[in-house]
Amino acid sequence: MSADDLENYETDLELGLYREYRDVVSLFSYVVETERRFYLANQVDLQV
């Protein structure tokens, strides 16, 4: 696998993930980003 093939593969994966989020993001009220993950939620309980 060449570097270009790998780059194209990664780009395709990122585009697929973007499309999945774009299709469902309107169903959620909040976007929560942590150090490890990215969440979509309708309710957030913030505890400091």
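The values are calculated or read from the model by the stated rules, or taken from the named source; none is laboratory data. No experiment lies behind these values; they were computed from the predicted model shown. As a convention, Cβ positions derive from the backbone with ideal geometry for all residues, glycine included, and neighbour counts pool all protein chains shown. Surface accessibility is based on the protein's heavy atoms, side chains included, excluding ligands, DNA and RNA. Shrake-Rupley method; radii C 1.70, N 1.55, O 1.52, S 1.80 Å.
Figures for the structure shown
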| read-out | value |
| --- | --- |
| Accessible surface, per residue, of the chain when the full set of protein chains is kept, probe 1.4 Å, Å² | 102 Å² |
| 0 to 90° range, to nearest 10: angle between helix 3-24 axis and the chain longest Cα axis | 30 degrees |
| Gyration tensor verdict on the chain (Cα atoms; rounded if a/c is under 1.5, prolate if a/b is larger than b/c, oblate otherwise) | oblate |
| Spin-label pair Met1/Glu14, simplified geometry with 7 Å Cα→Cβ offset, distance in nm | 1.6 nm |
| Residue (of Leu13, Ser26, Ala3) at the positive-pole extreme of the chain, dipole from beta-carbon charges | Ser26 |
| Sites Arg22 and Asn42 - FRET efficiency at Förster radius 22 Å, r taken between beta-carbons, to 0.05 | 0.80 |
| Computed helical MRE - 222 nm, the chain, DSSP H runs ≥ 4 contributing -39500 (n - 2.57), nearest 500 | -16000 deg cm²/dmol |
